[in-house]
Every structure is written in structure tokens, then in C-alpha cells.
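What follows is a set of notes on a single structure, which appears directly below.
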Amino acid sequence: MFELVELEKKIDKQLYEEKIQDLRQRLFFAQLEAKKLKIPVAILIAGVDGAGRGEIINLITEFMDTRYIKTHTFWAETEEERERPPFWRYWRALPAAGTTSLLFGGWYENTFLDLAYGRIDIDRFDRRMQRRVRFERSLFNNGTYLVKFWLHLSQEGQKKKVKKIYKEYPEEIARFRINKKNVKHYKEIIDAAARSIRITDRVEAPWVLVDAYDWRNRNLNVVETLVNLYEGAIKSHKEGVQKCITSNVNISYDYPSILDNVDLSVSINKKDYEKELEKLQLKLWGLTWQAHQKKISTIILFEGWDAAGKGGCIRRITKGIDSRLYQVIQVAAPTDEEKAHHYLWRFWRHVPRFGFVTIYDRSWYGRVLVERVENFATPEEWGRAYSEINDFEEQLTQYGKILLFKFWLHISKDEQLKRFKERESTPLKQYKITEEDWRNREKWDQYKDAVDDMVAKTSTDIAPWYIIPANDKKYARIEVLKTICDKMENHIKNF
């Protein structure tokens, strides 16, 4: 889930100064307009120790009119709080019409720490998260706009920040800013936070993941998101309809994408490829029969750029599976029957029975890729699809009866152009290239943004994304087969 915000993006000083002053002014006047229109706003700040939660709260209060904003911390419970239901303290912190509440940790922090430290089990945690979903939906339905920030650092990035803080501040101050116990339990806290975000990320109460390694990048992301939130809320109010404000932040700085970090130079020679391919296909044949006997199903889905080699990968997989055990579903534009149903309906129809394999050539991720970029779905529709997809995939993988593989095949823009031209000039391949492929290519950057959001919001512990470098088709096929065989073998062994 956090791949996109572990790239340690940096903003140079000059660009930061240019952008932040404009954003500061827009935020200030948007807040005053929201006050006049009586729009309540709640801003929840969460994240790992060392990510600068306190600094962000101080920055927001500095940039806004402090008469109409109040900060709430939820540290140790007071006696009057202990004598009342848990949410009593949160209801008291909600913003009145025209005001803003800044919530440090809010109604999340203690709960995901409870899971991280084993004080509650998964089922109880999930019930608590569903209560938060209902609570936040009720706030939105009553006119409150809520945005939730997760300020993130990689484990190595956190270690660097902690070291720096202890070097710059006296120990008593550093101890106040950093909980060393939380630092030691980084993985458990991150796993709990990821589960929490996956369950509670909704368009009416979105989570915004922020790369907090560079303080300038962190500040710009948070402030621009708030500007978008306030200005969007004001526009919706004036139109007379409350709309969800998408959590997507398209800041037009020269940021690297998750895809930019993929090494596309990797390759395999023909001799090694043929040897590995035969070995892996034979192994897959045996594993799929073992899975069939244990009633373990498998779903394999492929997404990727046009001409990235999805069909070639699928053909090499199916050659390694008995034809009685699998089906391949090619996903195109929905039929009239499919349009008459929820967009996930057509994928539910092909979920395999125990012990069988379904391979999707394109998938339900069209909702947050092509439908988003081509405006076939509204921001509200594709914005809520992330949580709908996560819930769908959790149902698929529950109890370990279905193994789910999600592959994104990545190629460079130059490699795609080369393959397009090859298809146009080869009679047997001309059917593979269409005008739509060329139109999609023109929106390469928009699709890159969509892929970043897709991976950030749907690469989970139960259903991770595997991004496969595919400039060399042979290398990609071997990597896909290796991934399937390794995970399937391990799952069968521990089932």
C-alpha cells in the first residue's frame, strides 16, 4: 500500500517557496469563505513517529485564521472520558458550522496500536473500523467535510529521522516527539495502519497518503490537498449539492512514479529462457493439480500498457496447466447486460470453483484505470472503487481458498512505440493495433498517475501488486511464472 510514498520525493527550495505562498493565500481565503457559508471541516492527522505530525498541525494553524480552527489531541483518557462511551470524546471535538477541527490521531491511533501490540484480534479490529466508516459517513451526510492524512516514512527513513531528532534536540524533548517502542514495532504498526486505511478509505472520508521524508514535499502535499478540499466544498455548496472531494492530489511537480523505479534493462538470453520456461511450466502443471486436490483455487489477473505482452504471458501460463483446470476471461467493454449491474458483477460470475484457475486478461481495475482516465466513471465512482475492490479481494482470499495474483506489465514509452509500429507492419499482427491504442498512448502520463493511485490504494498484504519489467518479453514471462510457482508452492505447503 505504501510503495508510492516510500520514494522519498524531494522538492527544491525555490519551487517550494513559489508554490507554498500561493497555496497559503488560497487556503486562508477558502477557509474564510467556508466560514461564511457555514461549512464544517475536519482534518485528521495520523502517521508514523518522526513523520512530522506536530509540524503539520502547527503549519496548518499558522496558515489559517486561528479564530475558526481548533486542535484536538487524544492522549490519555480523562476520568470523565473513561466514564462515557469511547466516541464521546470524538463527538465533542467535531467542528461546528463554519469552523475547522484539527484532530491529532483522531479515532484511529489507539485502535491500530491495539492491533499492533496484540491487545485486540483481527475480528474485533475490523468491527471497530466498520464503526468508524459508519461514523464518518454520518458526518458527511450531515454536511461535514473530512480528510484523513497518513504521513509516511519507510522503516529506513524513520531510523534516519529518529537519529536526526535525537541529535538536534535534548533527550527529554526528543523522547516527547518519538515513541521508541513504536519505532521498534514499525512493521506491526504499518500492517495495522494499512489494514485500517484499506477498510476506511471512502470517498466521503478519504485517506491521503503523504511521503513525509522531505518536509517540503510533505507540506506541499498536505496544503494543496486542503486547498482542493475547501475549494471543492465551497463549489459544491454553491451548486446546492454536497459532493465527495476526491483524495487524489495531482501536484504538477517533477515527481518520480512507482513505475519510474522499475529497472527495464533486465533481460534473459534465449537459451536460459527456454530452459527456465520448460522447467517452470512443468512445475506449474504439478502445482495446479496439487491445488486442485486440496481445493485451492487461483485467480491471475493481468493489467499493463497496451502491447506490454499480457497475451504472451497468458499463453505461457496456460501451456503449464491442464486445460480442464483453467479458463481465460478477456475483459472488453461491458455488454448491455453487464452495464445493467454493478461493475463487479461480471467478475463475480467467473470466480473459480474450488481447485480451478481463472485468468483475467484485464480486470476490475478498469474502473480506476481506463474508466477514470477516459471519464467513463465520475470521480465519486472511481474514488469509491478502491475500497470496493479491496473488499472484493478480501472476500476472494478469505480462508486461503483462493490465491490471487495481480500483475502489472511495465514497458517504456519508446518500447511501446516500437511494438505498435511492428504490429502495423506485420500482417498477422495488424489486428492487434487499433486507433484506441494510439489514443491511449497520448494519455500516458494520466495513466501513470492512475497506476500510482491504484498500487498505493490496492496493493495490500492479502493481494499485493507485482510490477513486472517487460521491455524484454521473455524476461517478463519467466518472472510471472516464477512468482506464481513460488507463491503457490509455499501456500500449498502451509495450507
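Read through the list (1) in contact (Cβ under 8 Å) with a residue 12 or more places away in the chain; (2) open to solvent by 40 Å² or more (accessible area, probe 1.4 Å); (3) closer than 30 Å to LEU325 by Cβ, then give the number of the only condition that ARG384 fails.
The number of the failed condition is (3).
Go through the range 277-310 and count every residue that is farther than 12 Å from ALA476 by Cα and in a helix (DSSP H, G or I).
Of the residues in that region, 16 qualify.
Given the structure, is LYS310 over 13 Å from ILE484 (Cβ atoms), touching a Lys or Arg at 6+ places or on another chain (Cβ under 9 Å), surrounded by fewer than 16 Cβ atoms within 10 Å (Cβ to Cβ) and in contact (Cβ under 8 Å) with a residue 60 or more places away in the chain?
Working: over 13 Å from ILE484 (Cβ atoms): yes; touching a Lys or Arg at 6+ places or on another chain (Cβ under 9 Å): yes; surrounded by fewer than 16 Cβ atoms within 10 Å (Cβ to Cβ): no; in contact (Cβ under 8 Å) with a residue 60 or more places away in the chain: yes.
For LYS310, the condition - over 13 Å from ILE484 (Cβ atoms), touching a Lys or Arg at 6+ places or on another chain (Cβ under 9 Å), surrounded by fewer than 16 Cβ atoms within 10 Å (Cβ to Cβ) and in contact (Cβ under 8 Å) with a residue 60 or more places away in the chain - is not met.
So that you can scan it fast, the table gives a plain yes or no per residue for (1) buried (at least 19 other Cβ atoms within 10 Å of the Cβ); (2) part of a strand (DSSP E or B):
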residue	(1), (2)
GLN327	no, yes
PRO334	no, no
HIS341	no, no
PHE354	no, no
TYR360	yes, yes
ARG367	yes, no
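Given ARG218, ARG198, which one is basic (Lys, Arg), within 22 Å of the chain's Cα centre (by Cα) and at pLDDT 90 or above?
Details: ARG198 fails: at pLDDT 90 or above.
Criteria check complete, one pass: ARG218.
Could you check how many residues of the range 201-232 are open to solvent by 30 Å² or more (accessible area, probe 1.4 Å) and either touching an Asp or Glu at 6+ places or on another chain (Cβ under 8 Å) or part of a helix (DSSP H, G or I) (or both)?
Going through the range 201-232, the residues open to solvent by 30 Å² or more (accessible area, probe 1.4 Å) turn out to be 202, 209, 213, 215-216, 224, 228, 231.
With the extra rule that they be either touching an Asp or Glu at 6+ places or on another chain (Cβ under 8 Å) or part of a helix (DSSP H, G or I) (or both), the set shrinks to 202, 213, 215-216, 224, 228, 231.
Residues flagged as open to solvent by 30 Å² or more (accessible area, probe 1.4 Å) and either touching an Asp or Glu at 6+ places or on another chain (Cβ under 8 Å) or part of a helix (DSSP H, G or I) (or both) within the range 201-232 amount to 7.
Quick one: VAL373 ticks every box in (1) surrounded by fewer than 21 Cβ atoms within 10 Å (Cβ to Cβ); (2) of a type outside the set (Ser, Thr, Tyr); (3) under 28 Å from MET488 (Cα atoms) except a single one, so which number is it?
(3) is the only condition that VAL373 fails.
Counting just the residues of the range 1-57 that are touching a Gly at 6+ places or on another chain (Cβ under 9 Å) and open to solvent by 30 Å² or more (accessible area, probe 1.4 Å), which one comes out nearest to LYS457 (Cα to Cα)?
The extreme case among them is GLU6.
Name the pairs: first residue in the range 207-220 and under 29 Å from MET129 (Cβ atoms), second residue of a type in the set (Val, Ile, Thr) and not in a strand (DSSP E or B), Cβ to Cβ under 6 Å, at least 6 apart or on different chains?
Correct list of pairs: TRP207/ILE197; VAL208/THR225; LEU209/VAL5; ASP211/VAL5; ASN217/ILE11.
Looking only at the range 470-495, which residues are open to solvent by less than 20 Å² (accessible area, probe 1.4 Å) and within 17 Å of LEU264 (Cβ to Cβ)? Explain how you work it out, then say what you get.
Our first condition is that a residue be open to solvent by less than 20 Å² (accessible area, probe 1.4 Å); within the range 470-495, this holds for 470, 476, 478, 480-481, 484-485, 488, 492.
Across the range 470-495, the qualifying residues are ALA470, ALA476, ILE478, VAL480.
Criterion first (out of contact with any Asp or Glu (no Cβ under 6 Å at 6 or more places or on another chain) and part of a helix (DSSP H, G or I)) does PHE140 satisfy it? Talk me through it step by step, then tell me what you get.
Numbers: out of contact with any Asp or Glu (no Cβ under 6 Å at 6 or more places or on another chain): no; part of a helix (DSSP H, G or I): yes.
When the stated conditions are applied, PHE140 does not pass them.
State which residue is surrounded by the fewest Cβ atoms within 10 Å (Cβ to Cβ) when the search covers only the range 313-325 and only residues that are assigned to a helix (DSSP H, G or I) and touching a residue at least 60 places away in the same chain (Cβ under 8 Å). Please lay out each step first, then the result.
Our first condition is that a residue be assigned to a helix (DSSP H, G or I); within the range 313-325, this holds for 313-318.
From what's left, touching a residue at least 60 places away in the same chain (Cβ under 8 Å): 313, 316-317.
Details: CYS313: 26, ARG316: 21, ILE317: 24.
So, considering only residues that are assigned to a helix (DSSP H, G or I) and touching a residue at least 60 places away in the same chain (Cβ under 8 Å), the one surrounded by the fewest Cβ atoms within 10 Å (Cβ to Cβ) is ARG316.
What are the pairs with Cβ atoms under 8 angstrom where one residue, in the range 280-298, is in contact (Cβ under 8 Å) with a residue 24 or more places away in the chain and open to solvent by 70 Å² or more (accessible area, probe 1.4 Å) and the other, located anywhere, is of a type in the set (Val, Ile, Thr) and not in a helix (DSSP H, G or I)? Sequence gap at least six, or different chains.
The qualifying pairs are TRP285/ILE321.
The values are calculated or read from the model by the stated rules, or taken from the named source; none is laboratory data. Keep in mind that what you see is a predicted model, and the values were worked out from it rather than measured. Virtual Cβ from ideal backbone geometry, glycine too; neighbours counted across all protein chains shown. These area figures cover heavy atoms from the full protein model, side chains too; ligands, DNA and RNA do not enter into them. Shrake-Rupley method; radii C 1.70, N 1.55, O 1.52, S 1.80 Å.
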